[in-house]
Structure formats: structure tokens, C-alpha cells
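Visitor: Pasting a structure here, questions to come.
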Amino acid sequence: MSKAKELNKKLSYKRKNFWKGATQKESDKATNFSEGYKEFLNIAKTERESIDFFAKELKNRRFSDIDSGKKSKKIFRLSRNKNGAIALLGKKPISEGVNLIVSHIDSPRVDLKQNPLYEDSKINLGLMRTHYYGGIKKFQWVSTPLALHGVFIKKNGEKVKVSIGENEDDPVFVIPDLLPHLARKKQYSKKIGDAINAGKLNLLFNSIPFIDEKDEKIKHAVKLNALVLLNEKYGILEEDFLSAELQLVPAGKARDAGMDRSMVLGYGQDDRICAYTSAQAIFDTKNNDKTAIVYLADKEEIGSDGNTGAKSIFIIDFIADLLKYNKEKSDSATLRKTLINSQILSADVNAGINPNYHEVHEAENAVHIGFGVSVTKFTGAGGKGGSNDANAEFNSKIISIFEKENVNWQIGALGKVDEGGGGTIAKFMAEHGAEVIDCGPGVLGMHSLYELTSKADIYSAYKAYNTFFEKA
């Protein structure tokens, strides 16, 4: 080896392709791990369904509800069917700080409005009014099969769960697009973001009118038939829509992608990929000095507001109760110091380099699909606006741990400067004084109906989170 090559190898930073460097055993682990992940994506298409999934997992793994009074090192709390925290007590006092991984379980989608059902009397079709949730490209949601998920809460308090469109014998729904022959003025003359007006995202629900041989002039007979069908199946009235939460998501299952089956294509991987991998990581943690916590948050896609979002007091209250549970002081000063002493991974996805749009990325500072989990010092937009911007010391510590434990990792930034940008939960966690850095897999087609990830990066994220709990 020449001196130049030797120095280049010694001094230069180079990403490591997971598949190129992994043993067959490690490659098989990555492939096998993705099978459980795909099942999770199929089951958990909403935040409520995600919490239902984790509730069953927690029971199977003998975790105890912190409010149950049972003493255990494995505890949890779920809140309002939309967020939760999982904890594994460590050897050190909680007041010396915790190792916390926070991800979110909501994804961009299209919601039904509170009073959604109506009939277009001109053409006798039953439709549903919608309101989109999060940063979607509206044109992607038309003329594609959609499933309806959610809950009705009846007047008597009974909760009725809804899932239509996922089974092979279920009907699916669609928001019909305008044919290209008539789209010249309505769509083609507009910017892509304005081509589909939000008011045009009305769901086609049904078309057969209610038939009454004694009354041939029924007003809104198609709408009435929709109500009859819903009442027969779920026992609900139109008034029950007013307190319902109903969401439209892409119908169908997550699938292997690529001829080599090296990738996963599926809805909601931002950010359920991090929720699943961090939960599996804490389940498999065997030896942790510091208390490990996974926080599953809601409403990240709309700013982390609300009583189930990362801005709420939920996680702080949980840590305060953990202190009491562990028979430590839980006064305000102790809680503040606990948070300041803590280390947090904001587990959210980053943008992988899109092969069709290299120009929006800077290859040297962007995420490469298949090269491991991304360590992202800052997100934000423009001049790092809305970013946590992690401290160099903590950045170095995380990288060193990953290196030592043979975790495939890479640095990553969310696009070129001034190309756009985006934020994560990191900045809200950092408000409590903890050390925080973003860490998650790369995604292609983020916020689209079908996002693409590498099985190498899914497994690397799991391994990174497990290493963080055991070694940080």
C-alpha cells in the first residue's frame, strides 16, 4: 500500500455500506428483523393502533403499569390511547439522569371532518368531507386506494373501532382525480402545490340510494343508505360522527422492495420506524446502568402540540413519577436536575439522497440509503432555524459508542442549505436542559403514501438504540 493510500485510509471519513461490510449472520439479522417491522406497519396505521400494538407487546413482555402498584424494573404508562412511555430501571439513581429515546407515532394522512357525510344531489353520489393532517402532497392522495381507520364514541361512552379497506374482501375508498383531458385550466395551469385544492379532497363513499317502495321521493336517498349501512355494521348514528376520529390511510400492506428484497415499502414509516426499533431495543436491553426510557409521542406532524404531543407535560410527569416509584426525591429541583443530567436521542427519520433529485442534497453531508443509522447534529431551516443543534461533546460521545459497538452509522443533514428544511422533537426535549441529538434512518419519499427504507438502516437503528441504552 502506498503512503498516500495508507494516510487516506487512516485520516479520511468514509461511510460504510452495511451490506458490503456485514457478515452473513448480520445480514440475515437485518433481513429477519424487518419481518416483524412490516407486520407492525400493517397493524399500526394510526397512533391509536400503534398504542394498541405496544400495549399487547408490553403485556407479553411482562411490563407493569406504573400506576398499578406492582413493583418491577419494567414499567410503562399509556395515555389517552395516543402516546406512552416505556421504562427499564437501571443500576444508578434516576436522579443522575436517564437515557431517553423519543419518537412519534403519528403520520401525515387525510382526516374526515366532524360532519363529513353529504350527498351530491346533482349526480346522486355519497361523499365525505376531509381535512388533511400534516405535510402531505395533496395530489398524491387522489385516485389511490384508501382505507378508513378510527373510532366512534357513542353517547353512552361506548367506543367503536373502525377499519375498512385492509382485508382482501373489504371495499376500499377513493378521492377521484380530474381526467387529464379536462385538467388544462383547473390543474395544469397551476403550481403543483395548488393543483389539488384541499376543498376538492372529498372522498367518494357510496352510490346506491336507499330504496323504499312506499316512498319514491326520498330526499338524499344515497346519504340515507350510507347511514343505514353504517348503522347495520357499527350501530352508529350520524350524530356519532361529531365525536369520532376517522382517518384515511393508504390501503394495503408493507412490502419488500427491490429485486434483492433489500428495502421496505410502506405507509407511515415516518416515524413508526423509530417507534418500533426503539421499543424493540428497550425490550432487548439486558444491562443498563442508567434508566432507559422510550417515549412514543403524538402530533409531531402538526407541531407536537396538544396533550399527547411532545410539548405536553406527559413525559416530565412520567419521569417525576419514576423518581417516586424508585423511592427518590421528586421535588421540582430534583426533577429539573434529572432532566439536565439526561441524554436524549430524538429518534426521527432523515431524508435519504433521492436518486432522481441529487441536486437538493449535498452528498457529503446527506444520508445514503443502506449505510446505517444517521446521526444528525441539527435540523431546522435556513440558518438552522427551529433546530436543537447538538453540542459537539455529545455528538462525539454518541459516535464513539456506535463505533466501539460496530453500529453502522453516518452523518446526515436534511438537504442543502436554503433548499428547504424541517424540524423534529429534539428542540422541545432540549428545552429541559438535557443533551439531545437526532438519530434515525434515512427515508426515500418521506411523507408520501408509500415511503421507502433500507432493511440495513432499520436494523442499524435498532442496534444503535440498544447500544445507547446499554453503553451511553
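Visitor: Taking the beta-carbon count within 10 Å as an exposure proxy, list V172, V110 from fewest neighbours to most.
Guide: By the 10 Å Cβ count, ascending: V172, V110.
Visitor: What angle, in degrees between 0 and 90 and rounded to the nearest 10, separates the Cα long axis of helix 314-325 from the longest principal axis of the Cα atoms of the chain?
Guide: 50 degrees
Visitor: Also, quick follow-up: Gain in length, H358 to I313, computed as 0.36 nm per residue apart minus the alpha-carbon separation, to one decimal in nm?
Guide: Residue separation times 0.36 nm, minus the Cα-Cα distance, leaves 12.2 nm.
Visitor: Can you give me the Kirkwood hydrodynamic radius for the stretch 272-313, using every pair of distinct Cα atoms, in Å to one decimal? Provide the component values of the computation, followed by the final result.
Guide: Values: mean 1/r = 0.0854 Å⁻¹.
Mean inverse Cα-Cα distance, inverted, gives 11.7 Å.
Visitor: Further question on the same structure: Any idea what angle helix 269-283 forms with the longest principal axis of the chain, computed on alpha-carbon atoms, 0 to 90 degrees, nearest 10?
Guide: Once rounded, one gets 50 degrees.
Visitor: Kirkwood Rh, Cα Rg: Rg to Rh for the stretch 168-317?
Guide: 1.08
Visitor: If we count every other residue with Cβ under 13 angstrom of K38's Cβ, Lys/Arg +1 and Asp/Glu -1, where does the sum land?
Guide: Around K38, the charge tally is +2.
Visitor: Using helices alone, I'd like the mean residue ellipticity at 222 nm for the chain: each DSSP H run of four-plus residues gives -39500 (n - 2.57), total over residue count, nearest 500. Write out the running numbers ahead of the final one.
Guide: Numbers: 11 runs with 132 residues, N = 472.
Estimated from H runs of four or more residues: -8500 deg cm²/dmol.
Visitor: Take the alpha-carbon positions of the stretch 5-49, form their convex hull, and give its projected area averaged over all directions (one quarter of the hull surface) in nm². Mind showing how you got there, number by number?
Guide: Numbers: hull surface 20.9 nm².
Over all viewing directions, the stretch 5-49 projects a mean Cα-hull area of 5.2 nm².
Visitor: Lys and Arg at +1, Asp and Glu at -1: add these up for the other residues within a Cβ distance under 10 Å of V360 and post the number.
Guide: -2
Visitor: Counting other beta carbons within 10 Å of each Cβ, put T376, T144 in order, fewest first.
Guide: T144, T376
Visitor: Ok, one more. How big is Rg to Rh over the stretch 109-250, alpha-carbon atoms, Rh as the Kirkwood inverse-mean-distance radius?
Guide: 1.00
Visitor: How far is helix 24-43 tilted, in degrees, relative to the longest principal axis of the Cα atoms in the chain, given as a value from 0 to 90 rounded to the nearest 10?
Guide: Its long axis makes an angle of about 30 degrees.
Visitor: If each of Y132 and R255 carries a label point 7 Å out from its Cα toward its Cβ, how far apart are those two points in nm?
Guide: That separation, rounded to one decimal, is 2.4 nm.
Visitor: Could I ask something else about it? I need the Kirkwood Rh of the stretch 68-172: take the reciprocal of the average 1/r across all distinct C-alpha pairs and report it in angstrom.
Guide: This gives a value of 18.5 Å.
Visitor: What is the log10 of I(q)/I(0) for the chain, computed with the Debye formula using one identical point scatterer on each Cα and no solvent, at q = 0.10 Å⁻¹?
Guide: Rounded to two decimals, the profile gives -0.79.
All of the numbers you see were taken from the coordinates with simple rules; none came from a lab. Everything numeric in this text was worked out from a predicted model, so none of it was measured. Note that each Cβ is placed from the backbone with ideal geometry, even for glycine, and that neighbours are counted across all protein chains shown.
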